[in-house]
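Below: one structure, written as structure tokens.
Every number in this text was worked out from the coordinates using simple rules, so none of it is lab data. Quick caveat, the model's predicted, so the values are computed rather than measured. We place every Cβ from the backbone using ideal geometry, glycine too, and count neighbours over all the protein chains shown.
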Amino acid sequence: MKNALSDIEGFPPIVAGNPHLLILGSMPGITSLQKRQYYGHAQNAFWPILGELFGFDYRLDYLLRKKILTDQGIAVWDVLQSCRRQGSLDANIAPASIRVNDFALFFEQFPSIRQVFFNGGMAAGFYKKYVLPGLPSRFDYLDYRRLPSTSPAHASLNFGEKLEAWRAILPSVVK
């Protein structure tokens, strides 16, 4: 059954207060799903990068890491609510199975969000294809930017190069 497609449900967003920016991935991988944590794979650079940017130890308890992000005005979510996928790679997602999260409701609930940063090209592509066409024009004020994926599968950039690119979120956070 190793090659079988699996039904996958994503996580609720990490969000509190009045976030200024939203970081969007595509869908958690197997390790993250098992741990019930965003970016739970030990080789994923997400938490090390954010730890470097905000001065915390990325190995802190998950609840503390989430609080640090929300205190900075950062929300984290995924484009996809559910899908069918073999393994952890986004490229293995069955397109017909894709269900996206309700972004109109989310942006309505959190109108302080002004910027959306995509964790990689797949998240940006899914959003552009499945979300933007149905997103009401009242959200046209949102500014979008794609960042390099923090996934270990995205090895064309080293940690330092990814970190430098991710510095783009700093002007949008609460000081």
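Under the simplified labelling scheme, the ARG145-ASP71 pair shows an inter-label distance of 2.4 nm, with each label point 7 Å from Cα along Cα→Cβ. Give the label of the value calculated from the structure for percent of Cα pairs over 19 Å apart, choosing from (1) 60; (2) 55; (3) 64. Matching the structure shown: (2).
Bridge orientation summary for the chain: considering DSSP beta bridges with both residues in this region, about 35 percent are antiparallel.
Here the relative contact order of the stretch 1-150, from alpha carbon pairs under 8 Å that lie six or more residues apart, stands at 33 percent.
Counting Lys +1, Arg +1, Asp -1, Glu -1, what net charge surrounds LEU5 among other residues with beta carbon under 9 Å of its beta carbon? Could you put the intermediate results ahead of the total?
Working: positive: ARG84, ARG85; negative: ASP7.
Net charge around LEU5: +1.
Taking Cα centre as origin and charging only the Cβ of basic (Lys, Arg, +1) and acidic (Asp, Glu, -1) residues, the dipole magnitude of the chain rounds to 160 debye.
Extension gain for SER6-LEU64 works out to 17.8 nm (0.36 nm per residue, less the C-alpha to C-alpha distance).
Summarising the label geometry, the points placed 7 Å from Cα in the beta-carbon direction at ALA165 and LEU135 lie 2.0 nm from one another.
Over the stretch 107-175, calculate the relative contact order: mean separation of alpha carbon pairs under 8 Å at least 6 apart, over the residue count, as a percent. Walk me through the intermediate numbers first.
Working: 47 pairs, mean separation 26.3, N = 69.
Relative contact order, the stretch 107-175: 38 percent.
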